[in-house]
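First the structure, in the form of C-alpha cells, and then the observations on it.
The values are calculated or read from the model by the stated rules, or taken from the named source; none is laboratory data. As the structure is a prediction and not an experimental result, all values here were calculated from the model. For neighbour counting, all protein chains shown are included, and Cβ atoms are generated from backbone atoms with ideal geometry for every residue, glycine included.
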Ligand code: ADP
C-alpha cells in the first residue's frame with residue numbers, strides 16, 4: 001500500500017443524487033483510494049434498504065469515467081464512523097458542503113470526530129453551483145408528489161425511486 005491515501009466518503013445516500021456523484025468524482029482527485037461508506041442510518045428510516053443503496057451507488061460508479069485510476073469501493077457500515085475509517089485504513093473523511101444549510105451540522109460532526117481520532121482529517125468539498133440545492137430528502141418528496149426528479153438524480157435512480165415509492169404506496173400523485 002505504501003503511502004496511498006485512502007479516504008472515506010460517508011453518507012446515507014437514500015438515494016444517491018447528482019450532488020453525491022459530483023462529490024465522488026471530485027474526491028477521486030483528492031485521494032488514491034475512495035471508500036464510499038453507506039450508513040445503515042436506521043434512525044432516518046431510509047426508503048431504500050442498505051443493500052439497495054449500496055447497489056445503486058455501485059451501478060453509478062461503474063458508469064463513471066475515472067481516468068486517473070483511483071480505486072472506488074462501496075462498503076456498508078453500521079459501526080461508529082471513526083471505527084469504520086480505522087478498519088479501512090483511511091486518514092481522510094470527505095464530506096460535501098452545501099451553502100449555509102450543512103455548515104452547523106458538519107462543523108459539529110467534524111469536531112466530534114476530531115476528538116475521537118485527531119489523526120483523521122475531515123475534508124470538505126463545496127457543492128458545485130448546479131448541485132447546491134439537491135438533497136435526497138427533497139428528491140423523495142418531489143417524486144412522491146409526482147414531480148420530475150430527472151435533473152437531480154441519474155436516470156436509473158429516477159426509475160428506481162419512482163418504482164420504490166409505488167411499491168411502498170407512497171406515491172401520492174402518480175404522473176411518472
Ligand atoms: P448524511 O445522512 O450523512 O447527511 P447524505 O447522504 O445526506 O448523508 O449526505 C452525504 C454527504 O454528501 C454529506 O456530506 C452531504 O453534505 C453531502 N451532500 C449531499 N447532497 C449534496 C449535494 N447536492 N452536493 C454536495 N454534497 C452533498
Task: Selection count, segment 145-174, where residues are surrounded by fewer than 13 Cβ atoms within 10 Å (Cβ to Cβ), within 16 Å of the ligand (Cβ to nearest atom) and part of a helix (DSSP H, G or I) - done: 0
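Is there a residue being in a strand (DSSP E or B), away from the ligand (no atom under 15 Å from the Cβ) and either modelled with pLDDT of 95 or more or in contact with a strand residue (DSSP E or B) (Cβ under 8 Å, 6 or more places away or on another chain) (or both) anywhere in segment 24-46?
Checked segment 24-46: at least one residue is in a strand (DSSP E or B), away from the ligand (no atom under 15 Å from the Cβ) and either modelled with pLDDT of 95 or more or in contact with a strand residue (DSSP E or B) (Cβ under 8 Å, 6 or more places away or on another chain) (or both).
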- [ ] Could you run through segment 64-107 and say how many residues are away from the ligand (no atom under 15 Å from the Cβ), loosely packed, with under 14 Cβ neighbours inside 10 Å and in contact (Cβ under 8 Å) with a residue 12 or more places away in the chain?
- [x] 4
- [ ] Scan segment 42-56 and report the pairs whose first residue is in contact (Cβ under 8 Å) with a residue 40 or more places away in the chain and whose second residue is surrounded by fewer than 16 Cβ atoms within 10 Å (Cβ to Cβ) and in a loop (DSSP other than H, G, I, E, B), with Cβ atoms within less than 9 Å and a gap of 6+ or a chain change.
- [x] 47/168; 47/170
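Filter segment 85-105 down to residues that are within 15 Å of the chain's Cα centre (by Cα) and modelled with pLDDT of 95 or more and give me whichever is nearest to residue 28 (Cα to Cα). It would help to see each step written out before you state the result.
Filtering segment 85-105 for residues within 15 Å of the chain's Cα centre (by Cα) gives 93-98, 102.
Now drop any that are not modelled with pLDDT of 95 or more, which leaves 93-97.
Numbers: 93: 13, 94: 10, 95: 13, 96: 13, 97: 17 Å.
Among them, the one singled out is 94.
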